[in-house]
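Since the structure comes first, as structure tokens, the remarks are kept for the end.
The values are calculated or read from the model by the stated rules, or taken from the named source; none is laboratory data. What you see is a predicted model; the values in this text were computed from it and never measured. Don't worry about glycine lacking a Cβ; one is built from the backbone with ideal geometry, like all the others, and counts go over all protein chains shown. Calculation scope for accessible area: heavy atoms of the full protein, side chains included, ligands and nucleic acids excluded. Shrake-Rupley method; radii C 1.70, N 1.55, O 1.52, S 1.80 Å.
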Amino acid sequence: MFKGLVGLVTGGASGLGRATAEQLVKQGGRVVICDLPSSSGQEAAKQLGENSTFVPIDVTSEKDVKNALQRTFDKFGRLDVTVNCAGVATAARVYNFKKDQPFDLKSFQKTIEVNLIGTFNVIRLSAGLIGKNAPDADGQRGVIINTASVAAFDGQIGQAAYSASKAGVVGMTLPIARDLAKQGIRVVTIAPGLFRTPMMQSLPEPAIKQLEASVPFPSRLGQPREFALLVQSIIQNPMLNGETIRLDGSLRMQP
Ligand SMILES: NC(=O)C1=CN([C@@H]2O[C@H](COP(=O)(O)OP(=O)(O)OC[C@H]3O[C@@H](n4cnc5c(N)ncnc54)[C@H](O)[C@@H]3O)[C@@H](O)[C@H]2O)C=CC1
Ligand SMILES: C[C@]12CCC(=O)C=C1CC[C@@H]1[C@@H]2[C@@H](O)C[C@@]2(C)[C@H]1CC[C@]2(O)C(=O)C=O
């Protein structure tokens, strides 16, 4: 299905990103896994074989992302799809009255830096390489897919930083799609609900059970493969553009 397609997946060493990289390769594509040097990206790429390679990056670094794009071009000769999955989850109330302590500003900045600015950094630099492709019969040169969260819409207590970062990703989706429309590059964002990934696995099982019960149907955590299947559909459907799609089993997070 994706023979000849080249994808770059940030956060590709783990969870939703890793499942996406696996799905792209399973469908015949080639993939560059980008993740922190400390991640298991090398092992993930090895598992996927010759159609995959790992490039260590921090998404907030211009130098790292430029290097990853150069490595993508050198190894595979093009870039068709960028999937932004790299992200961090932080939780703290805006003011802790028990400790008489305000939200740590550095933690707020870090969350915005990785989730929002990092995503933008990868988008702006990827667009240059995708834009070099010859357009297909429909005028399309490629697709950029981002990962927000349902927290962009129904942020819970303690999620001011995380929700702000993800709302930023949702907010920039349409203007960037408009910016890149003339070049035939689509931009679509996925807003997942609750997925069973290492980000969630630190939670004790009773807390996970409680979270699962809050999802109307199916009443469980999503599987990373289900996220990857939506990525696949977005790639395949040229009419999807400038939109954020919730992938959440109709979950609406409570305060
Ligand atoms: N698991 C869930 O329920 C949900 C996850 N999300 C979002 O989905 C995305 C993927 O999350 P998961 O797969 O669950 O988490 P995960 O923790 O399994 O994977 C995130 C990956 O991002 C990488 N990463 C973190 N900071 C980075 C940086 N500065 N540069 C490069 N890579 C970096 C990590 O090393 C890790 O491999 C995140 O953006 C997260 O906010 C959104 C909604 C729900
Ligand atoms: C804060 C949550 C929910 C309550 C709980 O018992 C434990 C949590 C820690 C992991 C959080 C939980 C929830 O807010 C949803 C997110 C933020 C989760 C990590 C990823 C998450 O599923 C997400 O990004 C949702 O949008």
**Asked** Of the accessible area of the range 126-255, with the probe set at 1.4 angstrom, what percent is carbon plus sulfur?
**Response** 58
**Fill in**
Taking a probe of 1.4 Å and leaving out DNA, RNA and ligands, the range 6-247 shows per residue an accessible area in Å² of 48
**Prompt:** What are the radius of gyration and Dmax of the range 1-63, computed over its Cα atoms and given in Å?
**Reply:** 10.8, 33
**Asked** Do you know the relative contact order of the range 65-121, to the nearest whole percent, from alpha carbon pairs under 8 angstrom that are 6+ apart?
**Response** 32
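If you take the beta carbon distance between Gln27 and Lys75 as r and set R0 to 22 Å, what does 1/(1 + (r/R0)^6) give as a FRET efficiency, to the nearest 0.05?
Details: r = 19 Å, r/R0 = 0.85.
Efficiency computed from Cβ-Cβ geometry: 0.70.
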**Prompt:** Mean Kyte-Doolittle of at least 0.5 and a Cα length of 18 Å or more along the axis: which whole DSSP H helices of the chain meet both?
**Reply:** 160-180, 224-236
**Asked** Considering the dipole of the chain built from charges on the beta carbon (Lys and Arg +1, Asp and Glu -1) around the Cα centre, which of Phe73, Pro238, Ser61 is farthest to its positive end?
**Response** Phe73
**Message:** Suppose a student asked you for the relative contact order of the chain, using Cα pairs under 8 Å spaced at least 6 residues apart; what percent would you report?
**Reply:** 19
**Request:** Using only Cα atoms, locate the centre of the range 144-174 and the centre of the range 187-255, then give the distance between them in Å, rounded to an integer.
**Result:** 13
